[in-house]
Amino acid sequence: MNISEFAKIAGVSKSAVSRYFNNGYLSEEKIALIKAAVDKTGYAPSLSARSVKNKVTKLVGVIIPKLSSESIARITEGISEVLNEQGYKLLLVNTANDYNKEIDSLELLRNNWVDGIILMASVFTKLHKTVLDKIRVPVVILGQNYKGYNCVCHDDFGAAYSLTRLMIDKGASDLACVGVRMDDMATGKFRFDGFMKALNESGLTLHRGNHETADFTSESGYDHARRLFSGKSRPDAVFCATDSIAAGVVLYCKENGIRIPQDVMVCGIGDSRLSRLTSTTITSAHLHYKTAGIEAANMLLSQVDRGKSAPRILQLGYEVVERESTDR
């Protein structure tokens, strides 16, 4: 079916069809007519000439926030393993932690047809939802619990709670948190909430100045550790939202004569190689990143084979791995 034939079925002009698939302005009436025709015919423009409903391209788009992340490498390995077994190709798109590029990437994959999309995003905006709602192929959100969509996520709250509880049980009473931005629900808000639950249950207070917001880097962890330990009162435990941040805190302490774990305990999340290679190995929560990739790919291909169904959320567990940084 070509665009002229589809426009005739929809009862609109070819230019209206073109504007619809390229996000141009259209009246609500014409949008409704075109949507109804798409549902009826399965029509969509495509570089691969895919225009018949249920004809697969064997191509899956995977949108990632960065290439230089061990966790993302593990996730991608899991996705690739499943796709290769099922004869699918992986189209990898790196957005460099820019949510505007995530929107552009979703638009690219939506307009240049793939059989499904796996999206790893840290922040969701109204524009994300607007674009996601236009996508007519299955989408799986990986790493976040985003209402209304198929998701594979981690128990970020539980991991943060267990690590904080561990340090409290070992005698910590003045704890600090080096987290990330709160609009990142999984790594930012849920991990901070888990940290706070452990404090509240123990009757402890997060003192003013003991909460820092860092980037996802060791350098940022180092800089924020300097701020935490620059005052007269020093925390006796630091919960870090990631292993990279924790590695920066450990390095700052080592260079400034702050003993770990005698003076301060430190922990992170991710159980990365970095947590095992620092001068003082870091207690961390192991998250099943490769398994998350495998589950997301299986969830997506199930949707491709059977058609869209009610959204499902799969939350994976974690294991606390205790190392030198809390070994009192």
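FYI, it's all coordinate maths here, none of it is from the lab. Just so it is clear, the structure is predicted and the values come from calculations on it, not from any experiment. Here Cβ is always computed from backbone atoms with ideal geometry, including for glycine, and neighbour counts include all displayed protein chains.
Once the C-beta distance of LEU108 and ASP193 is scaled by a Förster radius of 30 Å, the resulting FRET efficiency is 0.30 to the nearest 0.05.
Judged by the mean number of other Cβ atoms found within 10 Å, the most tightly packed of the peptides 237-243, 132-138, 173-179 leads the ranking 237-243, 173-179, 132-138. Computing Rg and the Kirkwood Rh from the Cα coordinates of segment 196-328 gives a ratio, Rg/Rh, of 1.11. Considering only alpha-carbon pairs that sit under 8 angstrom and 6 or more positions apart, the relative contact order computed for the chain is 17 percent. Within the chain, DSSP assigns beta bridges of which about 10% are antiparallel (rounded to the nearest 5). Extension gain for the segment ALA96 to ARG234, taken as residue separation times 0.36 nm less the Cα-Cα distance, is 46.2 nm to one decimal.
Only aspartates and glutamates eight or more places from LYS232 in sequence, or on another chain, were considered; those with a Cα closer than 16 Å are ASP174, ASP263. Taking every alpha-carbon pair within the chain, the share separated by more than 31 Å comes to 41 percent.
A straight Cα-to-Cα reach below 24 Å connects LYS290 with the lysines LYS58, LYS66, LYS89, LYS147, LYS189, residues fewer than 8 places away in its own chain not being considered. Ranking ILE79, HIS207, CYS253 by how far each Cα lies toward the positive end of the dipole of the chain (charges on Cβ) leaves ILE79 at the top. Against the empirical 2.2 N^0.38 Å (N residues), segment 242-311 has a Cα radius of gyration ratio of 1.70. Restriction of the chymotrypsin sites (Phe, Trp or Tyr not before Pro) in segment 183-233 to DSSP coil positions whose beta-carbon has at most 13 other beta-carbons within 10 angstrom yields no sites. Of the trypsin sites (Lys or Arg not before Pro) found in segment 225-264, the ones in coil according to DSSP and having at most 14 other Cβ atoms within 10 Å of their Cβ are LYS232, ARG259.
Note on LYS14: lysines with a C-alpha under 25 Å away, same-chain residues under 8 apart excluded, are LYS30, LYS35, LYS40, LYS53, LYS55, LYS134.
A P(r) calculated from all alpha carbon pairs of segment 119-273, with 5 Å bins opening at zero, reads 2, 9, 18, 21, 18, 12, 8, 6, 4, 2, 1, 0 percent.
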